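Data first, discussion second: the structure below is written as structure tokens.
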Amino acid sequence: MDERQRVAWLHRRAGFGLHPDALSAAAARGAIAELDRLFDPDAAGVPADPDPWADTDLDPDNGGRRNIVVDWLRHLVATRRPYRSRRTWLLHGWLVSGLGKVPVPEFMVDQLRLYAAAGGGSYPDLLRAVTTDRAMLVYLDGRTSTADAPNENYGRELLELFALGVGNYTEADVLAAANALTGWVVGPRLATARFVPSRHDGSPQTLLGVDGVRDVDSVVDAIVGHPAHPRFVAERIVAELLGDVADPSLGGVVEELAAAYVAADMHLDPVVRRALELGLGGARTPLVVAPVPWLVGALRATAADPRDLGRDGPDRFRAMGQVPMIPPDVSGWPRGIDWFTASSLVARTNLAAAIAAGTAASQPVRVALDDGDLDALAEHLGLVEPFTAATAAAIRGAGDPTESLALALISPENLLS
């Protein structure tokens, strides 16, 4: 890959892609300088993003649930600090909560603010914070877990999905974690979760072979001290940013990132940065772009106004199978070819048509089409490789530039990163 392609790959994996003009400026700075800029935007003089929900009506009786989804999508399109927003999206699909069970929009917003503010730091500290986060306490039933009736939902997912993985804990460990985490309550009028000692089982538990576990801190300490934890985190980051963990071309990458995680005192940003450095060096496999990152990337590349999708935007792309803050279950969204269902592809096609129709003729993607320069169009979309002959023929054979652009947006080349 040339430097522009390296930078395009970096922004598609560590952000949501760039407008062609921004991509040209980034390519002129170079991939390593751009990596620095993504991870330290303050040093690069990049203005801070406004809070996505600063002016959002959070009242659930006044469309608050829909409002917070729409305003977050608009933020993802407009962000000037794409890695921070991309990291928040990553954590939202990892430490999962959802509006399907969390009735108070404010709770979901505060959880995402937590991920934005603390997501690059200590992962154990993040686990501690999310354990007593109001949205998580509602979503995984921690608020109803008492000494008399411990609820195992959060303890199980903490072990399986958040920190260790299947096969690295027992049912006894799940119960021990559940007992130690009892006693937290939350309600609509509580600004933060509250610990009620009378509801807590204070007896010492044995968790993962560690004795004396009895509260949030000791639960998290026992879990992150397990030898499987660093590899679990490394595999999660590889799957999210580099590709198929089992692919031979990524041999040794998981081990290197697990070691980097331990060396960085279990902070996430240094591990993600090292993963991206390895990716720039060739340690990567193709990734299917999930619907929301695809949509955001298409809007950023074309400068189409997301307001053209309307306040009913979530309804219009629900058929793609991915709506922010409404995951299918606690395991988050699927990956890979699971996104290539007929209904999802039809929904993307419809959205691609709407985005193309909203793209001004003066935009670089349209100028390239008008000039018949499909190599330039591929560059403007941030593709790592040019369009194949078959894709180029389909784009050229479309009836008008709007249809041609829509086809480019749903091309196989643009559905892969």
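The values are calculated or read from the model by the stated rules, or taken from the named source; none is laboratory data. In this text, all values refer to a predicted model and were calculated from it rather than measured experimentally. We place every Cβ from the backbone using ideal geometry, glycine too, and count neighbours over all the protein chains shown. We work out accessible area using only protein heavy atoms, side chains counted, and drop any ligands, DNA or RNA first. Shrake-Rupley method; radii C 1.70, N 1.55, O 1.52, S 1.80 Å.
Before moving on, here are some points about what is shown:
- Inter-centroid distance (Cα atoms) of the range 359-417 relative to the range 164-185, Å: 50
- Tilt relative to the chain, helix 171-180 - C-alpha long axis, 0 to 90 degrees, to 10: 80
- Segment Lys101..Phe340, full-extension length gain: 83.3 nm, with 0.36 nm per residue of separation and the alpha-carbon distance subtracted.
- Long-range amide H partners of Gly17 with built H, under 5 Å: Arg12
- Summing charges over neighbours of Gly358, with a neighbour being any other residue whose Cβ is under 12 Å away from its Cβ, gives 0 when K and R count +1 and D and E count -1.
- Cβ-Cβ FRET estimate between Asn350 and Glu277, R0 fixed at 51 Å, reported to 0.05: 0.85
- Vicinal HN-Hα couplings computed from phi for the range 50-55 (Karplus, 6.51 cos²θ - 1.76 cosθ + 1.60; Hz; Gly/Pro x): x, 4, x, 10, 4, 10
- For the chain, with +1 on Lys and Arg beta carbons and -1 on Asp and Glu, the positive-most of Val330, Gly282, Leu299 along the dipole: Leu299
- Counting only protein heavy atoms and a probe of 1.4 Å, the accessible surface of the chain is 53% carbon and sulfur.
- Most positive-pole-ward Cα, Trp89, Pro50, Thr144, against dipole of the range 31-149 from beta carbon charges: Trp89
- Distance from the range 60-136 to the range 2-45 (C-alpha centre basis), Å: 24
- Across the range 90-95, rounded Karplus estimates of 3J(HN,Hα) from the backbone phi angles (6.51 cos²θ - 1.76 cosθ + 1.60, θ = phi - 60°) give 4, 5, 4, x, 10, 9 Hz, Gly and Pro being marked x.
- Derived scalar couplings ³J(HN,Hα) [the range 30-46; Karplus, 6.51 cos²θ - 1.76 cosθ + 1.60; whole Hz; x for Gly, Pro]: x, 5, 5, 4, 5, 4, 4, 5, 5, 8, 9, x, 4, 5, 8, x, 7
- With contacts taken as Cα pairs under 8 Å at a separation of at least 6 residues, the range 298-407 carries a relative contact order of 28 percent.
- Remark: spin-label model distance Ala263-Ala25 equals 3.4 nm, labels positioned 7 Å along the Cα→Cβ axis.
- Dipole moment magnitude, nearest 20 debye, the range 278-414 about Cα centre, only Lys, Arg, Asp, Glu C-beta charged: 420
- Solvent-accessible area per residue for the chain (1.4 angstrom probe, square angstrom): 40
- Translational D in µm²/s for the range 252-407 (Stokes-Einstein at 10 °C, 1.306 mPa s, Kirkwood Rh from C-alpha pairs): 89
- Dipole magnitude for the chain: about 460 debye, using +1 per Lys or Arg Cβ and -1 per Asp or Glu Cβ, origin at the Cα centre.
- Computed over the chain, the per-residue total of -39500 (n - 2.57) for DSSP H runs of n ≥ 4 gives a 222 nm mean residue ellipticity of -15000 deg cm²/dmol, rounded to 500.
- Between Ala163, Ala376, Ala352, the Gaussian network model of the chain with springs among Cα atoms under 10 angstrom shows the greatest mean-square fluctuation at Ala376.
- Placing +1 on each Lys and Arg Cβ and -1 on each Asp and Glu Cβ, with no other charges, gives the range 1-80 a dipole about its Cα centre of roughly 460 debye.
- One chain, two ends: Ala78 and Asp370. Fully extended at 0.36 nm per residue, the span grows by 102.5 nm beyond their Cα-Cα distance.
- Net charge, Gly187 excluded, C-beta distance under 13 Å - Lys, Arg +1, Asp, Glu -1: +3
- With the charge dipole of the range 1-153 set up from +1 on Lys and Arg Cβ and -1 on Asp and Glu Cβ about the Cα centre, the Cα lying farthest toward the positive end among the listed residues Thr132, Val69, Ala31 is that of Ala31.
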